[in-house]
Structure formats: C-alpha cells, structure tokens
Amino acid sequence: MMLDYFTYGAVALLVIIFLTQAVRVLREYERGVIFTLGRFTGVKGPGLIILIPVVQQLVKVDLRVMVQVVPPQDVISRDNVSVKVNAVLYFRIVDPERAIIKVGDYMAATSQLAQTTLRSVLGKHELDEMLAERDKLNADIQETLDKQTDVWGIKVTAVEIKDIDINETMVRAIAKQAEAERLRRAKVINAMGEQQAAEKLVEAGRILAQEPQAMQLRYFAALHDIAGERSSTVVFPLPMNLLDHLAPRREAT
C-alpha cells in the first residue's frame with residue numbers, strides 16, 4: 001500500500017515537472033524563439049505554448065518599443081569645435097529570429113552602434129548646424145542606424161539629440177558673434193532707413209517744386225508746428241529766390 005502511494009507521488013511529481021517545463025504562456029507583446037536539439041524550428045506566440053522538455057528550448061523576445069540613453073560622446077565638429085552630445089534611442093524588434101540568432105546581445109550591440117554612429121554623423125557637421133538643425137541630424141542618425149541594424153531584425157524608430165554641451169570659451173565666442181551680428185543688422189537697417197527717407201525727400205521736393213504756392217504753404221505749416229510747441233526761438237525759413245531779387249538792387253545803389 002505504501003509502495004502505491006510512493007508510485008502515485010512520483011508520477012504526480014513527474015507530471016508537475018513536465019508541466020512546468022513544457023507549458024509556457026506568452027503575453028501579447030512577447031514571442032518565443034524555439035530551438036529543437038539546438039536547431040531553430042520556429043517562432044511562436046502569443047498564448048499557450050507546449051514544449052518537449054529537454055529536447056526543446058524557448059527564448060523570449062519582447063516586441064515593445066525599447067528606450068536606450070546614449071551616454072555623452074566627445075564629438076569634434078567639422079569646424080574643429082569639441083562638444084559633448086548625448087541622445088535617446090527608440091527601437092523595437094521586428095524579426096525575433098534574427099535578433100536572437102544574428103547577434104549575441106542585441107541591446108548592447110545597438111547601444112554601441114548608436115554611440116559610434118552619433119560621433120561619426122555629427123562629426124560631418126559644423127557647430128551651427130548641430131544647434132540649429134537638430135531635426136535633420138536626428139533623421140540622418142536614425143537612417144544610418146536603421147540600415148545597420150536591419151540585419152539584426154531591429155527597427156530604429158527614432159533618435160533624439162538631448163543636450164549639446166559647449167565649453168565656456170566657446171560660449172563666450174558665440175555670444176560675441178551673436179552680438180556682432182545684431183550690430184551689423186542694426187547698421188544695415190539704419191542705412192536702409194536713411195536711403196528710403198532720402199528717396200522720399202527727393203520725391204517730395206520734386207512735387208513741391210512744381211507749384212511755388214505749395215512751398216509757401218509748407219513754410220506756413222512749419223511755422224504753425226513751431227508755434228504749437230511753445231518755443232521761445234522761432235526759426236523762419238527764408239526763400240533763396242528772395243535773395244536773388246535783392247541782389248540787383250544792391251548793385252544799382
């Protein structure tokens with residue numbers, strides 16, 4: 001009787017071990033890469049999966065988008081400026097078979113590849129482009145990474161440059177450059193204003209010269225403006241043609 005109990009217990013234990021080794025449940029975002037006697041036999045999931053213990057092994061693969069922070073990299077731009085740049089990498093596995101078979105550790109491989117690609121791509125651009133054209137640089141890095149990780153079954157969905165650290169000397173130089181640029185624009189705008197004002201004055205002079213009465217009315221308007229300001233000094237404009245009329249009289253006397 002005791003032997004029967006031991007037999008039943010042993011059988012129950014074997015069944016439990018078999019179930020724990022043979023029955024696997026994969027979530028919706030998981031896939032299982034199956035190896036039978038060491039050879040790849042397929043990708044299964046999600047849901048319930050039955051394996052043959054000892055004969056078959058399963059490697060889980062997460063298909064969700066993964067995020068990796070690329071540590072700060074020392075980059076020398078095309079105009080020989082040293083900066084530190086870090087970024088964020090977004091990628092996901094699209095082919096579990098290649099992600100497990102083609103590369104030993106796809107997480108570490110993708111991280112190292114992102115660091116080298118970040119340095120090589122940014123090194124082809126000048127500092128001004130790094131600061132002003134981040135969207136273009138993000139797209140270039142993402143495209144380069146996506147081509148190289150395609151053989152691993154990995155899709156790089158996005159790359160975002162986070163920070164670009166510049167030393168204090170370069171910050172002061174950029175500030176001086178920006179100040180000089182603002183002064184240049186101010187002088188150009190001032191010169192353009194003087195040019196436009198001169199053109200308008202010439203045009204107004206031509207219009208007033210067509211009618212002598214118009215010039216006299218302009219004199220009166222100027223006097224009215226001066227009187228309205230309550231000034232103690234009044235400057236009265238003297239027409240030049242009046243002097244021309246006075247000149248012959250002086251000669252006659």
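Just so it is clear, none of the values below were taken in a lab; they were calculated from the coordinates. Computed from a prediction, not measured in an experiment: that's the story for all the values here. Please note: Cβ atoms are built from the backbone with ideal geometry, for glycine as well, and neighbour counts cover all protein chains shown.
Here are the numbers for the structure shown:
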item	result
Amide proton proximity set for Ala158, modelled H, under 5 Å, gap of 5+	Tyr90
Size-normalised alpha-carbon gyration radius of region 2-61, reference 2.2 N^0.38 Å	1.42
Largest-first ellipsoid semi-axes for region 1-136, taking √(5λ) over the Cα gyration tensor eigenvalues, angstrom	52, 13, 13
Reachable aspartates and glutamates from Lys136, criterion Cα separation under 16 angstrom, eight or more residues apart if same chain	Glu126, Asp128, Asp146, Glu160, Asp163
Cα centroid of region 23-46 to Cα centroid of region 87-161, whole Å	27 Å
In order through region 147-155: 3J(HN,Hα) via Karplus (6.51 cos²θ - 1.76 cosθ + 1.60), integer Hz, x for Gly, Pro	5, 7, 8, 5, 5, 8, x, 10, 10
Sites Val69 and Ile166, calculated FRET efficiency, Cβ-Cβ separation with R0 25 Å, nearest 0.05	0.80
Fully extended contour minus Cα-Cα distance, from Ala139 to Arg184, at 0.36 nm per residue	12.8 nm
Distant-in-sequence amide H partners of Val94 (H built 1.01 Å from N, under 5 Å)	Ile154, Lys155
Residues of type lysines that Lys60 reaches as a straight line, Cα spacing below 25 Å, ignoring anything fewer than 8 places off in the same chain	Lys44, Lys102, Lys147, Lys155
Inter-label distance for Val54 and Asn80, nm, one decimal - labels placed 7 Å from Cα along Cα-to-Cβ	7.0 nm
For q = 0.14, 0.20 Å⁻¹, Debye-computed log10 I/I(0) when each Cα of region 104-219 counts as one equal scatterer	-0.78, -1.08
For region 66-166, with +1 on Lys and Arg beta carbons and -1 on Asp and Glu, the positive-most of Met107, Pro72, Val121 along the dipole	Met107
Phi-based couplings in Hz for region 135-142 (Karplus 6.51, -1.76, 1.60; Gly and Pro marked x)	4, 5, 5, 4, 5, 5, 5, 4
Derived scalar couplings ³J(HN,Hα) [region 172-187; Karplus, 6.51 cos²θ - 1.76 cosθ + 1.60; whole Hz; x for Gly, Pro]	5, 5, 5, 5, 5, 4, 5, 5, 5, 5, 5, 5, 4, 5, 5, 5
Interchain or long-range residues, amide H under 5 Å from Arg78's placed H	His125, Glu126, Leu127
